[in-house]
Amino acid sequence: MIRLDPAAASPAPPPSVPAWALAAAGAPSDTDAAFRVGAALGALDTLARAQPAWAGAWRQRLALKCAAPSMRLAGRTEDEAALRDAWQLCPAGADPGPAGAILGTWRQLALQPQAVSADRLAKVTEMLGLAWDEKSLADLCTQIEDVAGSQRPAPFAAAAIAAHVVAMRPDAELLAWWLADLVLAQSLRWPRPLPLLMAQAFGPAFRTEGGGGKRIRPGERGFERAVCLALVQGAAEVCRLAAELSRRAEKLLAVAPKLRAKGAGDVIFLLLNEDAVAGSLTTKNLSRFAVRRLFERLQQLEAVRELSGRASFRLFGL
């Protein structure tokens, strides 16, 4: 029998962005946008520093939500479901393909500390399909350090590094968004970055007014203001997702004592730390058949969701 403390799901209810910061009446001025983003990041700061039991699943879900619009920027068509399949159904050690590799960069961002090095950038650019020489990567590292240490407000630092990357390499906009989140975390001294801005890149914050709704790219006029507004919306969505996963994790941990399968604790750990867990999983203590029965039991208890919608090759998560 498993005995886990339901209180471990979350030490406190996740914060939320104040309603007034999300008010959409008219077009906010630059000053108003900066004021709103301060309130939004203040709420998000608590979450970014917390380590609730479900933090891993939350971060990986954010990575997936940034990877999906990345496909559009990369000229691909995969949605969240296809990306989840590309990652979860790929054999260990096998190439997940271009879409899976891009998802991998966002997963890396969500899991690793916000420190940056030329070696790390080399790996990320390779996963994004970009060819960069060592000197350019070293110069980029220096620029990241300069921007992050410039004492400018965090949203403006994030906007600055994104604009710098696109000015250097117009074909590297996806890397620009990835680095924007990293520099944001560095400026705010978060332990690890949160995938945020890419999820908003095609949203209303980055659409021009009176210009046919043209997308504002890094470095273009109004980009800093757009980053502020995008972070307000992104922070609100991230906080709502945290609240949702907190409730589901609490339910999962509450039913844990009812699970008698030896090794069920390993599966619960994975559910709390991953976006999805394959129904065909095997562990040291659980056969594939035992895992299938465990997931059936968790579904009966309404403690997990089936994410794929398929009858086979099923995926489960909070």
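The values are calculated or read from the model by the stated rules, or taken from the named source; none is laboratory data. Note that the coordinates shown come from a computational prediction; the quantities given were computed from them, not determined experimentally. Note that each Cβ is placed from the backbone with ideal geometry, even for glycine, and that neighbours are counted across all protein chains shown.
Key figures
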| read-out | value |
| --- | --- |
| Residue in the stretch 247-261 that is assigned to a loop (DSSP other than H, G, I, E, B), of a type outside the set (S, T, N, Q) and under 27 Å from residue 129 (Cβ atoms) present | no |
| Single match in 307, 245, 272 (criterion: within 16 Å of residue 59 (Cα to Cα) and in contact with a Lys or Arg (Cβ under 9 Å, 6 or more places away or on another chain)) | 245 |
| Matching entry among 279, 265, 234 (being touching a residue at least 12 places away in the same chain (Cβ under 8 Å) and in the same structural domain as residue 32 (by TED's automatic domain parsing)) | 234 |
| Selection count, the stretch 27-64, where residues are among the aromatic types (Phe, Trp, Tyr) and either crowded, with 24+ Cβ neighbours inside 10 Å or within 18 Å of residue 246 (Cα to Cα) (or both) | 2 |
| Any hit, the stretch 106-122, residues being closer than 15 Å to residue 194 by Cα, surrounded by fewer than 19 Cβ atoms within 10 Å (Cβ to Cβ), hydrophobic (A, V, I, L, M, F, W, C) and touching a residue at least 60 places away in the same chain (Cβ under 8 Å) | yes |
